[in-house]
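To keep things clear, I will list the structure first and then write my remarks on it.
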Amino acid sequence: MICHRALAVFSLSLRRSLSIVALLTFSIFGSGCGLIGAGVATAGVAASTAIALAPIKLMFMCLPEGALIDTPGGSQAIETLKAGDLVIGYDGEPVRIQQIHGYLEDPENSEFLEIGFSCGASVDLCTMHRLGGIRAKELKLGDVVVGGHSIVSIRPYQGVERSYDLLTEDAGYRVAGIPVNSMIVEMYEAGRSGNVKH
């Protein structure tokens, strides 16, 4: 459900490139919980993008800080990556990161899952993030994801303070060999249109 009230405070900083820092305070209709989120958009992204994403950010929490992303040189924590770095893309080939988005989460109201796979891998992500095009909250034990790995465990948890997502040259990136979709374009479209795809 999209928020009915949103207060956005934007701070502009002009340096070598335009940076827009959005501090967002929300009240979710009917739930009574609040969230303060911070999104950073870099040069080339209009302020309207941040405004469009503001209400939708409450639904999408991405991958938690510390999530290890596959790169050609080995696994690397998502928060240490930057635009231009190479990662293993959704299709298993090296691709460049075009954007990285970081968010401040409400640890008491964040909803994340640790999903374990038959190959021994595990992926931590929010319930709205997609694996193989399917929202994490819709996955069940025994489901098989792209690459033929079946789900052997699903553990919900809270307490995440920061989350991140990457926009790459293909549909996403890999975590422990598991294809993870980028949600940045879907979040933007949902914010712009007011509709969340299922």
**Fill in**
Of the residues in segment 59-89, those that are at pLDDT below 95 and open to solvent by 10 Å² or more (accessible area, probe 1.4 Å) number 2
**Request:** Kindly list the number of the only condition in (1) out of contact with any Leu (no Cβ under 8 Å at 6 or more places or on another chain); (2) modelled with pLDDT under 95; (3) polar (S, T, N, Q) that fails for S150.
**Result:** (2)
**Request:** Select from segment 121-150 the residues that are in contact (Cβ under 8 Å) with a residue 40 or more places away in the chain, over 17 Å from S182 (Cα atoms) and surrounded by fewer than 14 Cβ atoms within 10 Å (Cβ to Cβ) and list them in ascending order.
**Result:** none
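The values are calculated or read from the model by the stated rules, or taken from the named source; none is laboratory data. Quick caveat: nothing in here was measured; it's all calculated off a predicted structure. As a convention, Cβ positions derive from the backbone with ideal geometry for all residues, glycine included, and neighbour counts pool all protein chains shown. Note: accessible area is taken over every heavy atom of the protein model, side chains too, but ligands, DNA and RNA are not part of it. Shrake-Rupley method; radii C 1.70, N 1.55, O 1.52, S 1.80 Å.
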